[in-house]
Amino acid sequence: MLKFERVIPYVLYLILLIWSLTDPFFWDTVQLGSKHAHYYFDNDLKFQFLPENIDSGHIPTFGFYLALCWTVFGKSLLVSHLAMLPFIIGIIYYFSKISEIRYAGPLYLLSTLVLISDPTLIAQVCLISPDLPLVCFFLAVLHYHGKGHIAWKSIFLFLLALVSMRGMMLVFCFVVFEFLVEKKQFKQLLTLYFPSVFVVVVFFLLHYISKGWIGFHSDSPWSESFAIENIGQLLRKPVIIIWRLLDFNRWFLFLVGSIIVIKIFKARRKLYLITSELYLLGIITLVFGVVGTFFSGLTAHRYFLPINILVSLYFLRVVSLSEIKLGLQKVLLLTTFLILWVGHLLVYPDHIDQGWDASLAFKPYFSLLEQADNYLVNEKILKSKICTAFPDLAPGKYYYLNEDESAFQSVGSPDCSFVLISNIHNEIEPDDFEDYTLVNEWSSKGVWLRLLKNTKK
């Protein structure tokens, strides 16, 4: 294998990281990264339960890690993005290791490029995101499971449980997989999973004793995400989840993969399609699908990253099993790689909610916000007189790590003379402000931002 083939995936992700070094916190990373990190940084790294208004219910390891990096290297966006580098390197490393074992030879580079090009994963690489350690540790568990390295696998299961509730769910999925599919004995599972299960149980127990709740509480800002859906929504949610899995051109993997699977079945080679990986994919899809269906706000694209990864791995497997000639396999994998990248150009019409942290479509928004901020300063318009929506409601310091305590008001506040709206804001519709006067507008690559004046003020 040529050395440049090993280096190319690292170079690609490094370019993405460098491109994003000055980007502010965005979307859920404001809560899960910046706010958590600020709390521990401001409290001299004293590890304690978070205040109610920012306590997300899971172990706040990611925020503490960022606060530690700030303490050592200084609090800045540069340090925050570079803090993701170990996980980014880990993701490439374990993807490469998996490709070496399964797709060694002339398909190694293209297989690895397909694996690392999931649009939602690419988006997380450009953010200061807890999903980067989650994906890194998940891939490590897959790798060491395949290699039979019990100690390393146990370590990364432990780390996976520390990341978030989804990490804990993945640990549960691995337990089910090894018990039901691989028929592991209880004693084996106890030795392997005791550290991760122990830390989760202890955390939840202490959290309940201290706070009186586990996971979420009725007064939390995100409690609506855990609301039980009604019958109508329950019927609709599986369609949304399928859409999430197919979005940003991932439909191409399902379409081509399905065609190849049908041909393999017709050739009576179906036994080659039944792999342990397929069972694990089924278990994770079932668990995450049920949770996403029954709870109202748990269908974000990034929640399904482990499923996307396993789908990509299985897609590569069926391509390698097919009777397609090597040259055409290369063309197919290169086409898949390009189509996944084209998915970043997709911007839905304004009335359709888009997962803005699930592709690179969000990137122009930061420059638009900067232009809007400069306009507000020049026109002496205070943020306190402007209403807007998620993800732009926190004080400026949580986005840019500066000393800016000013913040916009939430839409609906009676004190607003202006409204700042964007197609980034999924919670509001432009049609709701038809009676407002357009003051200024900024747009780039399908993303727009408008400042409107309330004519009744």
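Pairs are defined by a Cβ separation below 7 Å, a sequence spacing of at least 6 or placement on different chains, a first member in the range 321-349 that is closer than 14 Å to Ile116 by Cα, and a second member that is among the acidic types (Asp, Glu); the pairs so defined are Leu340/Asp118. If the condition is being closer than 16 Å to Phe390 by Cβ and either part of a strand (DSSP E or B) or among the acidic types (Asp, Glu) (or both), then the range 413-441 contributes Val419, Leu420, Ile421, Ser422, Glu427, Glu429, Asp432.
Considering only the range 340-375, state which residues are buried (at least 18 other Cβ atoms within 10 Å of the Cβ) and either of a type in the set (S, T, N, Q) or under 29 Å from Ile260 (Cβ atoms) (or both). If the condition is that a residue be buried (at least 18 other Cβ atoms within 10 Å of the Cβ) and either of a type in the set (S, T, N, Q) or under 29 Å from Ile260 (Cβ atoms) (or both), then Leu340, Gly343, His344, Gln354, Gly355, Ala358, Ser359, Leu360 are the ones that fit.
Restricting attention to helices (runs of 4 or more DSSP H) lying wholly within the range 84-147, give those where 2 or more residues are touching a Pro at 6+ places or on another chain (Cβ under 9 Å).
85-102, 108-116, 131-147
Screening Ser56 on (1) in a helix (DSSP H, G or I); (2) among the hydroxyl-bearing types (Ser, Thr, Tyr); (3) closer than 22 Å to Val202 by Cα shows it passes everything except condition (1).
Counting the residues of the range 347-405 that are closer than 30 Å to Ala67 by Cβ, part of a helix (DSSP H, G or I) and polar (S, T, N, Q) gives 2. Is it the case, given these coordinates, that Phe216 is part of a helix (DSSP H, G or I), surrounded by 14 or more Cβ atoms within 10 Å (Cβ to Cβ) and in the same structural domain as Leu278 (by TED's automatic domain parsing)? Considered against the rule, which asks whether it is part of a helix (DSSP H, G or I), surrounded by 14 or more Cβ atoms within 10 Å (Cβ to Cβ) and in the same structural domain as Leu278 (by TED's automatic domain parsing), Phe216 comes out as no.
Here's the yes/no breakdown for (1) modelled with pLDDT of 90 or more; (2) in the same structural domain as Arg236 (by TED's automatic domain parsing); (3) hydrophobic (A, V, I, L, M, F, W, C); (4) in contact with a strand residue (DSSP E or B) (Cβ under 6 Å, 6 or more places away or on another chain):
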position: Gly292; (1), (2), (3), (4): no, yes, no, no
position: Tyr303; (1), (2), (3), (4): yes, yes, no, no
position: Asn308; (1), (2), (3), (4): yes, yes, no, no
position: Leu332; (1), (2), (3), (4): yes, yes, yes, no
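In this structure, Ala389 qualifies as buried (at least 19 other Cβ atoms within 10 Å of the Cβ), outside the structural domain of Val30 (by TED's automatic domain parsing) and either touching a helix residue (DSSP H, G or I) at 6+ places or on another chain (Cβ under 6 Å) or under 29 Å from Leu132 (Cβ atoms) (or both).
Looking across the range 40-53 at every residue that is touching a Phe, Trp or Tyr at 6+ places or on another chain (Cβ under 9 Å) and assigned to a helix (DSSP H, G or I), the one that is farthest from Phe204 (Cα to Cα) is identified as Phe41. Do we find a residue being within 22 Å of Met165 (Cα to Cα) and over 19 Å from the mean Cα position of the chain (by Cα) anywhere in the range 85-105? The answer is no, given that none of the residues of the range 85-105 is within 22 Å of Met165 (Cα to Cα) and over 19 Å from the mean Cα position of the chain (by Cα).
Checking Leu253, Leu206 one by one, the residue that is more than 23 Å from Gln354 (Cβ to Cβ), in a helix (DSSP H, G or I), in the same structural domain as Phe158 (by TED's automatic domain parsing) and at pLDDT 90 or above is Leu206 and no other.
Among the residues of the range 29-36, are any surrounded by fewer than 18 Cβ atoms within 10 Å (Cβ to Cβ) and on the phi < 0 side of the Ramachandran plot?
There is no residue in the range 29-36 that is surrounded by fewer than 18 Cβ atoms within 10 Å (Cβ to Cβ) and on the phi < 0 side of the Ramachandran plot.
The values are calculated or read from the model by the stated rules, or taken from the named source; none is laboratory data. This is a predicted model, so every value here is computed, not measured. A quick note on method: Cβ atoms are made from the backbone with ideal geometry, for glycine too, and the neighbour counts reach across all protein chains shown.
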